[in-house]
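Chemist: Take this structure first; my questions come after.
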Amino acid sequence: MEPSEFQGRIGRYHWESEPWWPPEPRPPAGAPNVLLVVLDDVGFAQLGCFGSDIETPTFDALAAEGLRYTNFHTTGLCSPTRACVLTGRNHHRCGMGRIVELPSGFPGYDARIPRSCALLPAMLTPHGYAAYAVGKWHLTPEEETHLGARRDRWPLGRGFERFYGFFGGETHQFVPALVHDNHVVEPPGRYEDGYHLTEDLVDRAIELVDDLRHVDVDKPWLLYLATGACHSPHQVPPGWLERYRGRFDGGWDRWREETLARQVAAGVVPPHTELSPRPEWVPAWDDLSPDERRVYARYMEAFAAYLTHTDAQVGRLIDRLRETGELDRTLVVVLSDNGASSEGGPTGSLNDVRPWNVLPRTVEEAIERIDEIGGPRVHNNYPWGWTVAGNTPFRRWKRETHEGGVADPLIVRWPAGIADPGGVRRQYVHAIDIVPTVLEVVGVDPPEVVDGVPQQPLDGVSFAYTFADPEAPERHTTQYYEMFGCRAIYHEGWKAVVYHPLQDEEPGLDRAGWELYDLRADPSECHDLAAERPELLQALVERWWVEAARNHALPLDNRPFSDLVLGRPKPVAPRRRYVYRPHRAPVPEIVAADTRNRAHTITAHVELDGRTAPQGVLAVQGSVLGGWSFHLLPGGRLCYVHNLSGWQLHRVEADVGDRLTPGRHTLAFRFTPGSGGAPHRGVLLVDGEEVGAGTIERTTWGRYSLTGAGLTVGWARDFSPADRDYRGAFRFTGRIDRVEIEVEGEPQVDAAAEALDAIASQ
């Protein structure tokens, strides 16, 4: 304690002094536990209790015992929505106008949540709560997610007391890039042993609650459980896919019609709701070829299996809370962070990193690899048709501000406050409303100061008033939206909205036309009233500009890759020589030596004892989904493998066994970019002497992988870029002193403009 806080008496001696102990913080009487479950890329229509035929018995039971909010909205993208959910402020006010990987140098878009926007755990722990985060974080700037980084924007630096999960927007579900509290850890199991990330996350969530209860049986907790599901890759344990074989053979058009009928019957949407037209760029299911229908159905089977598997794992947590008597003293909130994702493109995707490298995603390849969909060697995502279906009955999808992007499922279970379990609520609710609702239920006022920092007021409005009164007038009456130049504003049942393509200069952000909808009569935005009500539209547009300025949403920018244009500074100063030691934690791609499409040399300094046959990994970057591996195979075969987004493998190899005598050696690979249309050249060297060479037709220039795989020396994670050469860690049997990577020139990104267009089209 600070001396100024002391309330006892201090004399010269103990017999003339009185000790005093500051009281421990106590929560308000009856304060509940709080469980926030955040699903990823789950559209409005994809939970069973919101009209789907996908099996989600856990979420359906929570809805039957609680409430479904059918007019709940998000920002349309993951990092921004998560910032809203945890701070109660609008996403631009939090600096999260975009995902953390795509910041720009403006306050509303810098991916740095200011200290004046405290997160929910920092509001609750001073009142005697425990606070845990498990799963996807995606709120720390990408360049601060390595072990040499500052920690003040990691979960434990923002108020959580324990964390177990991953930092990025997505990760491999069988070989995730995991962080435990403030350090990197490897998964506790392997695919061959039945490991899956969602199961691991729920195991850890149960463990954290158990650890608390072993010591304190009364202390309330906040548990933020954010699954990787159902963001791509849609990877599920063996056996789950078979549950959905043939279930989607009828196609997305029929599924949309049947789902809307179920939604109307269940009261999820009003009876007058129309099915929004299928977009012209999405083909009719009946017009597809047999191969297209077959593979597109398989993609959807993988998604459905992934969601059902996730439901089952959350069900284990719910069952545990019920068994221990905790569930009925827990406020449970379940939501998705945005609408269904279109990132699979028109044909679906075996690897979502392909567009970053201007590479194809074809039906022909998917047919050849159809039995790999859902497994560890692909990064699968379904095609646009299923995206539209997942957002039934709404228009468009994730990353945009029409209802398909921002209208999402919300379930609340709170026996002490809900008057009609199983009910539906239609009042407008936004992600920023969750924090004030939690605070009201707990009985805590929003803090004016946190850790000495004056706080910005909450933007959200508690919706606890709806728990007992389904007919209560809505209190959140105005809300702006903005995402990559797409804009909207909701006001008292009306919505003005404008779509603008990513990275496209036309029609111009200042010239894109606004649409107008009466959501009370037309919740699926089928009838544009802009021409009929120009005065109302103009008033809403003017209101949008006021809200945008107030919330730091300006300047508008539809270029997601504006960091390439605006000269975003490097997270660490570039250098020509990088030194890596063996058997350390993976170095994230963003801060590892940038070898992409530029001259470089990888040199391993090794020592061989002459007793053990030398073999194993020297250095590796990425995963089976993309990257490179420099390794020594049994028998003395020195290899460099460049895995181009799981599309092509390029190899350079040589037999060097007779050169690997006891003692010290250097094993090296040198890459020289081609010019004038000539192929790239790769050379292998032992002790400075060339021992083999080969051509590499094409290399990675954008990203190696999207799943968080990094650079390691002396070992590899499962499903490495050279997955056909070795399995598992394949640790080097000799001694590696160090690996040096020397780079020359600048990365060759001549294809940048073409790639940006390709990504934007997805």
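The values are calculated or read from the model by the stated rules, or taken from the named source; none is laboratory data. The shown structure was predicted, so the numbers you read here are calculated from the model rather than taken from an experiment. Every residue, glycine as well, gets a Cβ built from its backbone with ideal geometry; the counts of neighbours run over all protein chains shown.
Chemist: I need the strands (runs of 3 or more DSSP E) fully contained in segment 596-635, keeping only those with at least 1 residues that are buried (at least 24 other Cβ atoms within 10 Å of the Cβ) and out of contact with any Leu (no Cβ under 8 Å at 6 or more places or on another chain). Step through it out loud before you land on a result.
Modeler: Working: elements: 600-608, 616-623, 626-633.
Ranges flagged: 616-623, 626-633.
Chemist: Got a sec? Which of GLY95, GLY108, GLY135, GLY157 is in a loop (DSSP other than H, G, I, E, B) and at pLDDT 95 or above?
Modeler: Numbers: GLY108 fails: in a loop (DSSP other than H, G, I, E, B); GLY135 fails: in a loop (DSSP other than H, G, I, E, B); GLY157 fails: in a loop (DSSP other than H, G, I, E, B).
The unique qualifying residue is GLY95.
Chemist: Please identify the pairs in which a residue from segment 111-131 that is more than 15 Å from GLN455 (Cα to Cα) has its Cβ atom under 8 Å from the Cβ atom of a residue that is in a helix (DSSP H, G or I) and hydroxyl-bearing (Ser, Thr, Tyr), counting only partners at least 6 apart or on another chain.
Modeler: What qualifies is ALA111/SER79; ALA131/THR125.
Chemist: Is there a residue being hydrophobic (A, V, I, L, M, F, W, C) and under 30 Å from ARG245 (Cα atoms) anywhere in segment 90-103?
Modeler: There is no residue in segment 90-103 that is hydrophobic (A, V, I, L, M, F, W, C) and under 30 Å from ARG245 (Cα atoms).
Chemist: Is there a residue being within 25 Å of TRP414 (Cα to Cα), among the basic types (Lys, Arg) and assigned to a strand (DSSP E or B) anywhere in segment 65-72?
Modeler: Within segment 65-72 (the criterion being within 25 Å of TRP414 (Cα to Cα), among the basic types (Lys, Arg) and assigned to a strand (DSSP E or B)), the answer is yes, since at least one residue qualifies.
Chemist: Taking the condition of being part of a loop (DSSP other than H, G, I, E, B), in contact (Cβ under 8 Å) with a residue 60 or more places away in the chain and more than 14 Å from the chain's Cα centre (by Cα), how many residues in segment 340-363 meet it?
Modeler: Residues that pass the stated criteria total 9.
Chemist: Further question: Taking the residues in segment 57-101 that are among the β-branched types (Val, Ile, Thr) and farther than 22 Å from GLY417 by Cβ as candidates, determine which candidate is farthest from the chain's Cα centre (by Cα).
Modeler: Looking at the filtered set, the residue picked out is THR87.
Chemist: Are there any pairs with C-beta distances below 6 angstrom linking a residue in segment 702-720 that is on the phi < 0 side of the Ramachandran plot and outside any loop (DSSP other than H, G, I, E, B) to a residue that is surrounded by fewer than 24 Cβ atoms within 10 Å (Cβ to Cβ) and aliphatic (A, V, I, L, M), with the two at least 6 apart or on different chains, and if so which?
Modeler: LEU711/VAL587; LEU711/ALA592
Chemist: Another one. Taking segment 663-713, which residues are out of contact with any strand residue (DSSP E or B) (no Cβ under 8 Å at 6 or more places or on another chain) and surrounded by 13 or more Cβ atoms within 10 Å (Cβ to Cβ)?
Modeler: Once the filter is applied, which keeps residues that are out of contact with any strand residue (DSSP E or B) (no Cβ under 8 Å at 6 or more places or on another chain) and surrounded by 13 or more Cβ atoms within 10 Å (Cβ to Cβ), segment 663-713 yields TRP701, GLY702.
Chemist: Counting only residues that are part of a helix (DSSP H, G or I) and touching a residue at least 12 places away in the same chain (Cβ under 8 Å), which one in segment 519-558 is farthest from CYS84 (Cα to Cα)?
Modeler: LEU536
Chemist: Now for a different question. Do we have any residue at all in segment 703-723 that's at pLDDT 95 or above and over 35 Å from the mean Cα position of the chain (by Cα)?
Modeler: No, every residue in segment 703-723 fails to be at pLDDT 95 or above and over 35 Å from the mean Cα position of the chain (by Cα).
Chemist: Sticking with this one: When the residues of segment 410-450 are narrowed to those that are outside any helix (DSSP H, G or I) and of a type in the set (D, E, K, R), which ends up nearest to ILE318 (Cα to Cα)? Step through it out loud before you land on a result.
Modeler: Step one: list which residues in segment 410-450 are outside any helix (DSSP H, G or I), which gives 410-430, 443-450.
If we keep only those that are of a type in the set (D, E, K, R) too, we end up with 413, 420, 425-426, 445, 448.
Working: ARG413: 11, ASP420: 21, ARG425: 23, ARG426: 26, ASP445: 28, GLU448: 34 Å.
Only one residue fits best here, namely ARG413.
Here is a yes/no grid of residues against (1) crowded, with 19+ Cβ neighbours inside 10 Å; (2) part of a helix (DSSP H, G or I); (3) at pLDDT 95 or above; (4) not aliphatic (A, V, I, L, M):
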{"position": "ASP291", "(1), (2), (3), (4)": "no, yes, yes, yes"}
{"position": "ALA297", "(1), (2), (3), (4)": "yes, yes, yes, no"}
{"position": "MET300", "(1), (2), (3), (4)": "yes, yes, yes, no"}
{"position": "PHE303", "(1), (2), (3), (4)": "yes, yes, yes, yes"}
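Chemist: Among the candidates SER623, SER629, which residue alone is outside the structural domain of TRP494 (by TED's automatic domain parsing), under 25 Å from the mean Cα position of the chain (by Cα), closer than 18 Å to TYR704 by Cβ and hydroxyl-bearing (Ser, Thr, Tyr)?
Modeler: Values: SER629 fails: under 25 Å from the mean Cα position of the chain (by Cα).
Answer to the selection: SER623.
Chemist: Consider PRO501 against the criteria (1) in contact with a helix residue (DSSP H, G or I) (Cβ under 6 Å, 6 or more places away or on another chain); (2) in contact (Cβ under 8 Å) with a residue 40 or more places away in the chain: it satisfies all of them except one. Which criterion is unmet?
Modeler: The single condition PRO501 does not satisfy is (1).
Chemist: Against the condition of a type in the set (Val, Ile, Thr), assigned by TED's automatic domain parsing to the domain that holds ARG584 and at pLDDT below 95, how does THR700 come out, does it pass?
Modeler: Judged against the criteria, THR700 is a match.
Chemist: Determine whether LEU516 is in a strand (DSSP E or B) and more than 24 Å from LEU458 (Cα to Cα).
Modeler: On the way: in a strand (DSSP E or B): yes; more than 24 Å from LEU458 (Cα to Cα): yes.
Answer is yes for this residue.
Chemist: Here is a follow-up. Find the residue count for segment 651-675, including only residues that are farther than 14 Å from ALA604 by Cα, part of a strand (DSSP E or B) and within 40 Å of the chain's Cα centre (by Cα).
Modeler: Final tally of qualifying residues: 5.
Chemist: Right, next: Can you confirm whether segment 735-758 contains a residue that is over 26 Å from ILE590 (Cα atoms), in contact with a strand residue (DSSP E or B) (Cβ under 7 Å, 6 or more places away or on another chain) and modelled with pLDDT of 95 or more? Step through it out loud before you land on a result.
Modeler: Just the residues of segment 735-758 that are over 26 Å from ILE590 (Cα atoms), to begin with: 735.
Narrowing the set further to residues that are in contact with a strand residue (DSSP E or B) (Cβ under 7 Å, 6 or more places away or on another chain) leaves 735.
Filter again for modelled with pLDDT of 95 or more, leaving 735.
Yes, because at least one residue in segment 735-758 is over 26 Å from ILE590 (Cα atoms), in contact with a strand residue (DSSP E or B) (Cβ under 7 Å, 6 or more places away or on another chain) and modelled with pLDDT of 95 or more.
Chemist: When segment 209-242 is examined, which residues are found to be out of contact with any Leu (no Cβ under 7 Å at 6 or more places or on another chain), assigned to a loop (DSSP other than H, G, I, E, B) and farther than 30 Å from LEU706 by Cβ?
Modeler: HIS214, VAL215, ASP216, VAL217, ASP218, PRO220, listed by residue number.
Chemist: Check off (1) under 26 Å from HIS234 (Cα atoms); (2) at pLDDT 95 or above for GLU142 and give me the number that stays unchecked.
Modeler: With (1) under 26 Å from HIS234 (Cα atoms); (2) at pLDDT 95 or above applied to GLU142, the lone miss is (2).
Chemist: Same structure, new question: Go through segment 475-492 and count every residue that is assigned to a loop (DSSP other than H, G, I, E, B) and free of Cβ contacts under 8 Å to residues at least 60 places away in the same chain. Explain how you work it out, then say what you get.
Modeler: Keep residues of segment 475-492 that are assigned to a loop (DSSP other than H, G, I, E, B), which gives 475-477, 484-485, 492.
Cutting the leftovers down to free of Cβ contacts under 8 Å to residues at least 60 places away in the same chain gives us 475-477, 492.
Final tally of qualifying residues: 4.
Chemist: Within segment 636-650, track down each residue that is part of a strand (DSSP E or B) and farther than 27 Å from PRO233 by Cα. Before you say what the answer is, go through the steps one by one.
Modeler: To start, the set of residues in segment 636-650 that are part of a strand (DSSP E or B) comprises 637-644, 648-650.
Across segment 636-650, the qualifying residues are ARG637, LEU638, CYS639.
Chemist: Condition check: in contact with a His (Cβ under 6 Å, 6 or more places away or on another chain), assigned by TED's automatic domain parsing to the domain that holds VAL429, under 26 Å from ASN551 (Cα atoms) and modelled with pLDDT of 95 or more. Does PRO121 satisfy that?
Modeler: So PRO121 does not fit the description; no.
Chemist: Additional query: Identify, please: which residue in segment 265-289 is surrounded by 14 or more Cβ atoms within 10 Å (Cβ to Cβ) and among the charged types (D, E, K, R) and is, among those, farthest from ASN71 (Cα to Cα)?
Modeler: Only one residue tops the list, namely ARG278.
Chemist: Out of (1) more than 30 Å from VAL100 (Cβ to Cβ); (2) out of contact with any Phe, Trp or Tyr (no Cβ under 9 Å at 6 or more places or on another chain); (3) surrounded by fewer than 20 Cβ atoms within 10 Å (Cβ to Cβ), what's the single condition that is false for LEU660?
Modeler: Condition (3) is where LEU660 drops out.
Chemist: Could you list all residues from segment 451-463 that are under 28 Å from VAL497 (Cα atoms) and either in contact (Cβ under 8 Å) with a residue 40 or more places away in the chain or in a strand (DSSP E or B) (or both)?
Modeler: Selection gives GLN456, LEU458, ASP459, GLY460, PHE463.
Chemist: What do you reckon, is GLY460 closer than 30 Å to MET123 by Cα and crowded, with 23+ Cβ neighbours inside 10 Å?
Modeler: In short, yes.
Chemist: Report yes if some residue within segment 325-339 is closer than 22 Å to SER232 by Cα and either part of a helix (DSSP H, G or I) or hydroxyl-bearing (Ser, Thr, Tyr) (or both); otherwise report no.
Modeler: yes
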